[in-house]
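As structure tokens, the structure follows; a few thoughts come after it.
The values are calculated or read from the model by the stated rules, or taken from the named source; none is laboratory data. For clarity, every value in this text was computed on a predicted model and none was experimentally measured. Quick reminder, even Gly has a Cβ in these numbers, built from the backbone with ideal geometry, and neighbours come from all protein chains shown.
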Amino acid sequence: MDDTSLTLDGLPPGGAGSVLLLACGALAREIIDLRAQNGWQHLDLQCLPAILHNTPDRIVPAIEALVDLHRAAYETIFVVYADCGTGGLLQAACDRLGVQMIPGPHCYSFYEGNAAFAARAEMTCFYLTDFLVRQFDAFVWRPLGLDRHPHLRDTYFGNYTTLVYQAQTDDPGLDAAARDCAARLGLIYERRFTGYGDLAAQLAALA
Amino acid sequence: MSDDEIILNDLDDDDLVAQMFDDLYDGLRDEIIEGVNILLARSWTPYDVLTRALVGGMTIVGNDFRDGILFVPEVLLAANAMKGGMAILKPLLAETGAPRVGKMVIGTVKGDIHDIGKNLVGMMMEGAGFEVVDLGINNSVEKYLAALESEGADILGMSALLTTTMPYMKVVIDTLKERGIRDDYIVLVGGAPLNEEFGRAIGADAYCRDAAVAVETAKVWVARKHNRVVAAAR
């Protein structure tokens, strides 16, 4: 399991549990870590390509197809996505399919805790998680064309002030990489340790 | 200078406009500025330069964006090139009394700082002959309403990129209703997480998927409103 394949391909289904987690590839390492820490062997995991983050209109049909595919094989299917830019359509699809999903607007909200994140109301902050720091070029730099047209940077980020790195783990290497991302975007850098936030509680509730 | 470099001034009008379409597509701002100045020197009206050369070219860009051939960076480069031409044409259009289709107040909603889509819509609306008052980002309901009134606008355009900020559009529309002025304005909404269903649910007149759709939708609604006013006057 490497980050590039999680970005582009996701993670194929595996395990023999009773609960299937259909997750964003950006959450794979964290879910696997929580499963190992807590002995949640009843949780099987399949991940969609994390890069769907950049085309949210593709998330809903992909989830619908996988729920249909696996429905007969599992007692419970849980969608490990927040709204993720679907404008409420993912929640509507989950309601229609009779499956649960994670509340909140984005992973960077539930990592911090949805209530705490909303209370901050940080309009001018741009967020990266551990995964997004490692995949910054694939998710931010190249899709925005900044590798080819660096002068567009302020068109995209001129209204932002701060890059907040929400650290799921204590990793000095990622801290340095995130600081470099902030410098490349011309933003003030802030590191904020979140751990797994609401993700842990959501998965624990499936135990 | 390479042998195959194109001298814009050597091209006849049709070839020059075709070349400007290509240059817009490639985001070549300096070439667009040069092309605009050449057409003006050939006695084209500012309005013709705008609609036939710039808007024609941006329409191709918009269509290819819609069809997944072009992506956001390329559209921004094209828009930047068009802006270069617009900067020359805008004062001339005002002087020459070019036709005005209607007036739009546009802005990103409260709590949201994203303005790329909003800026593209504003530019394309100007290109289509609308007067555009851009309120920028993070706009409260009070600011929208004050601008609508002071500017005598026909259209309100609201933009949001975040799932958490898009419900604010309903706050604005509900306030228009409470004050009994909802039907005085055409309300268009747009932004990445929005969809048609959301637009209907909050009481907007239309959801616009992209800048080109916004322009076409605005034209249709302004014509409809105009026809209503004419019919009522009979």
Taking the stretch A:95-125 and keeping residues closer than 23 Å to A:I59 by Cβ, more than 12 Å from chain B (Cβ to nearest Cβ) and either free of Cβ contacts under 8 Å to residues at least 12 places away in the same chain or more than 17 Å from the chain's Cα centre (by Cα) (or both) leaves A:D95, A:R96, A:L97, A:G98, A:V99
Of B:M86, B:M125, which residue is more than 30 Å from A:H106 (Cβ to Cβ), surrounded by 24 or more Cβ atoms within 10 Å (Cβ to Cβ) and more than 14 Å from every other protein chain (Cβ to nearest Cβ)? B:M125
Is it the case that some residue within the stretch B:183-193 is assigned to a helix (DSSP H, G or I), free of Cβ contacts under 8 Å to residues at least 40 places away in the same chain and over 30 Å from A:C107 (Cβ atoms)? yes
Could you list, in sequence order, the residues of the stretch B:93-122 that are of a type in the set (V, I, T), surrounded by 22 or more Cβ atoms within 10 Å (Cβ to Cβ) and in contact with a Phe, Trp or Tyr (Cβ under 6 Å, 6 or more places away or on another chain)? B:V109
Flagged in the stretch B:86-110 as modelled with pLDDT under 95 and either of a type in the set (G, A, S) or closer than 30 Å to A:A119 by Cβ (or both), in numbering order, are B:A87, B:A94, B:G97, B:A98, B:G102
Do the conditions hold for B:S140, that is, is it without any contact (Cβ under 8 Å) to a residue 40 or more places away in the chain, within 14 Å of chain A (Cβ to nearest Cβ) and surrounded by 16 or more Cβ atoms within 10 Å (Cβ to Cβ)? yes
Looking only at the stretch B:173-193, which residues are under 22 Å from B:G102 (Cβ atoms) and within 14 Å of chain A (Cβ to nearest Cβ)? B:V189, B:G190, B:G191
Mind counting the residues in the stretch A:126-157 that are in contact with a strand residue (DSSP E or B) (Cβ under 6 Å, 6 or more places away or on another chain), within 14 Å of chain B (Cβ to nearest Cβ) and free of Cβ contacts under 8 Å to residues at least 60 places away in the same chain? 1
Can you pull out every residue in the stretch A:100-124 that is surrounded by fewer than 19 Cβ atoms within 10 Å (Cβ to Cβ) and of a type outside the set (S, T, Y)? A:Q100, A:P103, A:G113, A:N114, A:A115, A:A116, A:A118, A:A119, A:R120, A:A121, A:E122, A:M123
Being modelled with pLDDT of 95 or more and within 11 Å of chain A (Cβ to nearest Cβ), is that true of even one residue in the stretch B:199-206? yes
